[in-house]
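*Asks:* Below is the structure I would like to discuss, written out as structure tokens.
The numbers here are math on the coordinates, done by the rules we state, and not lab data. Everything quoted here is computed from the prediction, not taken from an experiment. We place every Cβ from the backbone using ideal geometry, glycine too, and count neighbours over all the protein chains shown.
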Amino acid sequence: MHAYAIREERFGEPMKSFEREVLPTWDPGPGEVLVQVMAAGVNFNGVWAGLGEPVSVLKGNPLGYHIAGSDASGVVWKVGEGVTRWKVGDEVVLHCNHTCGECEHCNGGEPLACRKQQIWGYETPDGSFAQYTRVQSQQLLPKPNHLTWEEAASYGLTFFTAYRMLIDRAGLRAGEDVLIWGAGGGLGVFAVQLAKLVGARAVAVVSTEEKAELAMQLGAHGVINRKEFPDLAQRENETDEQAGLRMLATKAFGKRIWQILGEKKGPEVVFEHVGRSTFASSVFLANRFGRIVICGATTGFQLNFDVRHLWMHQKSIIGSHFADAGEATKANQLIERGQIRPVLTRTFKWEEIPAAHQEMFENKLHGNVACLVGAPREGLKNLEETRAALASHA
Ligand code: NAP
């Protein structure tokens, strides 16, 4: 099969690390399914995989190559022994939580606590930037009929992560306020919609007018362009003077939040994934007893903040990581019912898979983006339309 592979000697920026190769097609084992990929979603973990940071995805991988991609829409091509819920020809989307399926955590407990839990397409080498991908049958979800292949491939990883963060981990409730960093980004566009759906007010943070408009369209209560606060970001090896300026900027930023909310209070929940640049501000800005929920650290993993702001006002930091099959199913139903919509802002061609990741690395994208893999063109929604389009090409 044709695939984009990452190899250790190519670690670096996406234009260098993603290279097209012809590789063996996977054979699905017991409980596994081989899916013909129609479209694949682009996520930041593909960028991390190619960089070889903060860990090498090739460590302990006997194949010597890694196929990234943790989002896809496609068609079941082959099922392994024991798979009864899905059959050849089913149109599906995939969630990326891999588990053993046997332990107490997977059976009635918390599947994310499974000792063998992995993110498919990041911690496993058989991701979606290939003609075929291999997944566990519990990763399959019905493809919402009203979506095109590229729309359906665009939302799983980011939406299901945002769902767990806000609904299950932070327990966001009607009447609360939530500060959403990167509100025009992959995670953020769903955090804004979820806040609206539960009856919370979202204060959206963005860096461009285009993203500000998008956040308001998705239901944000108000928006802040962080570029108006140039001293807000915490820098590496910050001097005392820079720290002082940052605190002033954070207080001014907090006042802007008060203006938006019309009350002198902070948000009960802060939606974090930016990391070093914003984390100290997130802790400071959260309301008394506020919850800071975090799933990533795009700008740096070593977080430095004044812990007095945490304990004096009894705030909590909550770690969150992707979602389990139950959460993915509930969230997917919101898409199927039209209560949450995918925010596909761009579709790249198969040849543009490295460029799509490069643009994500350079923070040039907004919303979610996907790449065509097996689908011959944009706009196709099912197998029948796809077959007809292929026949008219021939
Ligand atoms: P994305 O689409 O690139 O969006 C990230 C957003 O972060 C950007 O839109 C940008 O918004 C904002 N940002 C970047 N630098 C910033 C800075 N210095 N200060 C404030 N905001 C900044 O990425 P994503 O898909 O949303 O993912 C975000 C992070 O979460 C990544 O590190 C990813 O690996 C991680 N993640 C983790 C999980 C998990 O399961 N643990 C799942 C999904 C994602 P503005 O420039 O408009 O402010």
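*Asks:* Just checking, how many residues over the stretch 127-146 are over 19 Å from Asn45 (Cβ atoms) and basic (Lys, Arg)?
*Replies:* Number of matching residues: 1.
*Asks:* Among the residues of the stretch 349-362, is there at least one that is touching a residue at least 40 places away in the same chain (Cβ under 8 Å), outside any helix (DSSP H, G or I), away from the ligand (no atom under 15 Å from the Cβ) and of a type outside the set (Gly, Ala, Ser)?
*Replies:* no
*Asks:* Which condition does Thr124 not pass, out of (1) touching a Lys or Arg at 6+ places or on another chain (Cβ under 9 Å); (2) assigned to a loop (DSSP other than H, G, I, E, B); (3) farther than 29 Å from Glu13 by Cβ, if it passes all the others?
*Replies:* Result: Thr124 passes all but (3).
*Asks:* Tell me, which residue of the stretch 172-209 that is within 9 Å of the ligand (Cβ to nearest atom) and surrounded by fewer than 21 Cβ atoms within 10 Å (Cβ to Cβ) is farthest from Val293 (Cα to Cα)?
*Replies:* Looking at the filtered set, the residue picked out is Thr208.
*Asks:* Can you confirm whether the stretch 99-121 contains a residue that is surrounded by fewer than 21 Cβ atoms within 10 Å (Cβ to Cβ) and aromatic (Phe, Trp, Tyr)?
*Replies:* Within the stretch 99-121 (the criterion being surrounded by fewer than 21 Cβ atoms within 10 Å (Cβ to Cβ) and aromatic (Phe, Trp, Tyr)), the answer is no, since none of the residues qualifies.
*Asks:* What number of residues within the stretch 53-83 are surrounded by fewer than 19 Cβ atoms within 10 Å (Cβ to Cβ) and of a type in the set (Gly, Ala, Ser)?
*Replies:* 5
Each row is one residue, and each column tells you yes or no for (1) surrounded by fewer than 18 Cβ atoms within 10 Å (Cβ to Cβ); (2) touching a residue at least 24 places away in the same chain (Cβ under 8 Å); (3) more than 14 Å from Arg134 (Cα to Cα).
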position	(1), (2), (3)
Pro14	no, yes, yes
Ser17	no, yes, yes
Pro24	yes, no, no
Gly46	no, yes, yes
Val93	no, yes, no
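*Asks:* I'd like to know if the stretch 249-267 contains one or more residues that are among the acidic types (Asp, Glu) and either over 27 Å from Phe159 (Cα atoms) or surrounded by fewer than 19 Cβ atoms within 10 Å (Cβ to Cβ) (or both).
*Replies:* Checked the stretch 249-267: at least one residue is among the acidic types (Asp, Glu) and either over 27 Å from Phe159 (Cα atoms) or surrounded by fewer than 19 Cβ atoms within 10 Å (Cβ to Cβ) (or both).
*Asks:* For the stretch 304-328, name all the residues that are buried (at least 19 other Cβ atoms within 10 Å of the Cβ), out of contact with any Cys (no Cβ under 8 Å at 6 or more places or on another chain) and assigned to a loop (DSSP other than H, G, I, E, B).
*Replies:* Lys315, Ala323, Asp324
*Asks:* A further question follows. Give the number of residues within the stretch 280-314 that are within 22 Å of the chain's Cα centre (by Cα) and more than 16 Å from the ligand (Cβ to nearest atom).
*Replies:* 1
*Asks:* Considering only residues that are under 15 Å from the mean Cα position of the chain (by Cα) and either more than 12 Å from the ligand (Cβ to nearest atom) or of a type in the set (Ser, Thr, Tyr) (or both), which ones fall in the stretch 315-327?
*Replies:* Correct list: Ser320 only.
*Asks:* Taking the stretch 210-230, which residues are under 25 Å from Met247 (Cα atoms) and within 12 Å of the ligand (Cβ to nearest atom)?
*Replies:* Matches in the stretch 210-230: Ala212, Val223, Ile224, Asn225, Arg226, Lys227, Glu228, Phe229, Pro230.
Okay, residues lined up against (1) under 21 Å from Leu187 (Cα atoms); (2) part of a loop (DSSP other than H, G, I, E, B); (3) in contact (Cβ under 8 Å) with a residue 24 or more places away in the chain:
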| position | (1), (2), (3) |
| --- | --- |
| Leu245 | no, no, no |
| Ala249 | no, no, no |
| Gly254 | no, no, yes |
| Ile257 | yes, no, yes |
| Val270 | yes, no, yes |
| Ser281 | yes, no, yes |
| Phe284 | no, no, yes |
| Ala297 | yes, yes, yes |
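*Asks:* Just to check your reading of the model, which residue among Gly31, Gly41 is on the phi > 0 side of the Ramachandran plot and surrounded by 14 or more Cβ atoms within 10 Å (Cβ to Cβ)?
*Replies:* Only one candidate passes the filter, namely Gly31.
*Asks:* Restricting attention to the stretch 152-164, report how many residues are over 11 Å from the mean Cα position of the chain (by Cα) and within 16 Å of the ligand (Cβ to nearest atom).
*Replies:* Number of matching residues: 2.
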